[in-house]
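Each reported figure results from applying straightforward, stated rules to the coordinates on display, with no laboratory input. In this text the structure is predicted, and so the values were computed from the model without any measurement. For neighbour counting, all protein chains shown are included, and Cβ atoms are generated from backbone atoms with ideal geometry for every residue, glycine included.
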């Protein structure tokens, strides 16, 4: 670890980083590491920077430069990014040598705060996932540089995406009018990834019951009842679990559209537009929400919803699913997470008032802060070009698929697919393990764009794509990104949100389980109002107005 990295790396050491993490820090690449780089603590002049910069094509710079990235590393990624093939090749292509200083994802929050407070931080924070308040705070202080003009001049791939999707630009723009982070984006045409988890049913069991695919909540209920009362797994016991989930909040979200709720997507899951007034609505206290909770309470009380829905962790839920006990379940992909191929996605279920809408749709703007450039960076133009490559098709393919001929090939249909070494690894490695030496996308949190043609996660499996096609015609048309609050608003908002949201989630679980009777509904609503709901919604209204005017 070279150059001015020493001080902030020492700060990480002070925070007791584990030996394995230190072993994973990429060697070399600090800003003092090249005769063409500025000396420690110095910056190249703008004229020198631009003279060395190629405005298009590769290499990005004429003479080699070095950059240092504070880098969040998910479990399962390589412990040395300098050994990862895409970074080896990209360094050659771009003429930019990146020193990826790796920090385990679970320690990122503590470590990034430490190096920022110490004042000696790297050129870039990569995969460190700063939230909007962080971006505003450090952007207004000058620690993170504004990227508006740099995007316009040096990021043609990202700019094209933003021009084609104005809501992405609006969601990236902070209250002061600046953009401080290069984002994670979900391709607006990749329906399956925009939906995330979906409701699935057991195709074999539906056929054995002689039932048609449910189209309404009533038919869904009837299917669950039939599963409960039939020995479909043939073990002589009625031990089938009609509906499985390990997240009751996600289950609420996926069913909200059947009650006309969350009609602007789920980035702001408790706020949408009231169709009767055209104004912002707080969803948890609406009459329709009460009806949805009553429906889930009915499923729970009749043993149709897994009684462990409030306590199951992900691993336990997946293990239970492998036993093939679920007639229906809420999950990203039964095949990728449980190895089950006999499940199909439900269509959008029509609710009691005729609503047939899928509102659990994420914004194409996945995250605003996975890549930020600091004021210590002597090469901001080249750095923006470095990142912009991965918003384009070739860079996107490289990021997810690795190197052609090594980790991927193009088949006879012109489709990109992993090599046999990856999909049928001779050492018995799973996909994430087999691609570790080629790419770093497993674990998420990266900047860039997720496109169907190159992303090979569970959302790209044929069953997931088929499920998404059923849902697509009923997806909400207008999807908000997460709203942004000013620094002045954020303290008040966070305090209100923490208290109100905690109470709401506790009471929703109690209503579903029956530990709180619905005779307490009015008291529940009045309690939320006393907790400061009017102030809370006024902050949302201010953020919504800013978003609308961006």
(request) May I ask you to sort 120, 306 by Cβ crowding, counting other Cβ atoms within 10 Å and putting the fewest first? (result) 120, 306
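If you take the square roots of the eigenvalues of the alpha-carbon gyration tensor of the range 377-533 and sort them as a ≥ b ≥ c, do you get rounded (a/c under 1.5), prolate (a/b over b/c) or oblate?
Details: a/c = 2.70, a/b = 1.79, b/c = 1.51.
The shape class here is prolate.
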(request) For helix 521-530, report the angle its Cα long axis makes with the longest principal axis of the Cα atoms of the chain; keep it between 0 and 90° and round to the nearest 10°. (result) 30 degrees
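Give the peptides 372-378, 414-420, 514-520 in descending order of average Cβ contacts within 10 Å, highest first. Could you put the intermediate results ahead of the total?
Values: 372-378: 20.9, 414-420: 13.4, 514-520: 11.9.
For the peptides 372-378, 414-420, 514-520, the packing ranking is 372-378, 414-420, 514-520.
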(message) Students often check this: by mean Cβ neighbours within 10 Å, which of 325-334, 239-248 ranks highest, and how do the rest follow?
(response) 325-334, 239-248
(request) Name the shape class, rounded, prolate or oblate, that the alpha-carbon gyration tensor gives for the range 443-550, where a ≥ b ≥ c are the square roots of its eigenvalues, rounded holds for a/c under 1.5, and otherwise prolate holds if a/b is larger than b/c and oblate otherwise. (result) oblate
(request) Would you calculate a helix-derived [θ] at 222 nm for the chain, using -39,500 (n - 2.57) for each DSSP H run of n ≥ 4 and dividing by the full residue count, to the nearest 500? (result) -12000 deg cm²/dmol
(message) Suppose the chain between residue 141 and residue 80 were pulled fully straight at 0.36 nm per residue; how much longer would it get relative to their current alpha carbon spacing?
(response) 18.7 nm
(message) If every alpha-carbon in the chain counts as one equal scatterer, what log10 I(q)/I(0) does Debye give at q = 0.11 1/Å?
(response) -1.09
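Please compute the Kirkwood hydrodynamic radius of the range 487-549 from all pairs of different C-alpha atoms, in Å with one decimal. Can you show the working numbers first?
On the way: mean 1/r = 0.0771 Å⁻¹.
Answer for the range 487-549: a Kirkwood hydrodynamic radius of 13.0 Å.
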(request) Kindly express, to the nearest 10 degrees and within the range 0 to 90, the angle between helix 217-228's C-alpha long axis and the longest C-alpha principal axis of the chain. (result) 80 degrees
(message) With Kirkwood's inverse mean 1/r over C-alpha pairs for Rh, give me the Rg to Rh ratio of the range 194-345, two decimals please.
(response) 0.99
(message) Compute the helix-to-body angle for 487-513: its Cα long axis versus the longest principal axis of the chain, expressed 0 to 90° and rounded to tens.
(response) 30 degrees
(message) Under the rule a/c < 1.5 gives rounded, and otherwise a/b versus b/c splits prolate from oblate, where does the range 47-203 land using the Cα gyration tensor?
(response) rounded
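Please give the FRET efficiency for residue 342 paired with residue 491, using the beta carbon to beta carbon distance and R0 = 60 Å, rounded to the nearest 0.05.
Numbers: r = 51 Å, r/R0 = 0.84.
Efficiency at R0 = 60 Å is approximately 0.75.
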